Amino acid sequence: MATLPNSTLDEILARFGHLENEMAKGPPHDVYSKLAAEYSGLEAVVAAIRSYRKVERELADSRSLLDDPSADREMRGLAETEIDELKARLAELTDEIRILLLPRDAADEKGVILEIRAGTGGSEAGLFAGDLFRM
């Protein structure tokens, strides 16, 4: 399982915190709207990074419990089970974060015009086009 670079994750979290602080200062409307747009773009990534870090901490805690010689056999068994589950969750979060970090397409932010017209097929085509329009 490949890990994510901590420096990149730290930079994203730092930028998110910086945006929060700048927005809290009450900047002019045009500056605030730019900050808010960037902030909302980072929210999903930051939530995934925080979950990733939490699972990493839980995994480290479970491993330390497993390595503890004073822990009884039942606790070690529970720790092993938890470690397997946490590794799977960590892999899921890694994939999720990688997908969220992919560059956005410039066309994603733009509007679209969709033309619906009846083609060949007579009145049924017209009815279908009308149903599509109403949906």
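The values are calculated or read from the model by the stated rules, or taken from the named source; none is laboratory data. Just so it is clear, the model here is predicted, and its values are computed rather than measured. Note that we place each Cβ from the backbone using ideal geometry, even for glycine, and neighbour counts take in every protein chain shown. Remember, those area values only see protein heavy atoms, side chains included, never the ligands or the DNA or RNA. Shrake-Rupley method; radii C 1.70, N 1.55, O 1.52, S 1.80 Å.
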Checked the stretch 6-18 for anything open to solvent by 70 Å² or more (accessible area, probe 1.4 Å) and within 18 Å of Leu102 (Cβ to Cβ); matches are Glu11, Arg15
Considering residues of the stretch 108-122 that are among the charged types (D, E, K, R) and closer than 21 Å to Met135 by Cα only, the residue least open to solvent (accessible area, probe 1.4 Å)
Glu115
Hey, among the residues in the stretch 19-28 that are open to solvent by less than 60 Å² (accessible area, probe 1.4 Å) and not in a loop (DSSP other than H, G, I, E, B), which one's nearest to Leu102 (Cα to Cα)?
Leu19
Could you grab the pairs with beta carbons closer than 8 Å, sequence gap of 6+ or different chains, first residue in the stretch 87-107 and of a type outside the set (Ser, Thr, Tyr), second one open to solvent by 100 Å² or more (accessible area, probe 1.4 Å)?
Lys87/Met1; Leu90/Met1; Ala91/Met1
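Just checking, which of Glu74, Glu58, Glu82 is surrounded by fewer than 14 Cβ atoms within 10 Å (Cβ to Cβ) and of a type outside the set (S, T, N, Q)? Steps first, please.
On the way: Glu58 fails: surrounded by fewer than 14 Cβ atoms within 10 Å (Cβ to Cβ); Glu82 fails: surrounded by fewer than 14 Cβ atoms within 10 Å (Cβ to Cβ).
After ruling out the rest, the residue left standing is Glu74.
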Determine the pairs where a residue that is touching a residue at least 40 places away in the same chain (Cβ under 8 Å) and buried (at least 16 other Cβ atoms within 10 Å of the Cβ), located within the stretch 36-53, has a partner that is of a type in the set (D, E, K, R) and part of a helix (DSSP H, G or I) with Cβ atoms under 6 Å apart, the partner being 6 or more residues away or on another chain.
Ala48/Glu96
Does the stretch 1-18 hold any residues that are at pLDDT below 90, among the hydrophobic types (A, V, I, L, M, F, W, C) and part of a helix (DSSP H, G or I), and which are they?
Leu9
Residue that is nearest to the chain's Cα centre (by Cα), among those in the stretch 63-77 that are of a type outside the set (A, V, I, L, M) and part of a helix (DSSP H, G or I):
Arg63
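For Lys54, indicate whether it is assigned to a helix (DSSP H, G or I) and within 21 Å of Arg104 (Cβ to Cβ). It would help to see each step written out before you state the result.
Details: assigned to a helix (DSSP H, G or I): yes; within 21 Å of Arg104 (Cβ to Cβ): no.
The answer is no for Lys54.
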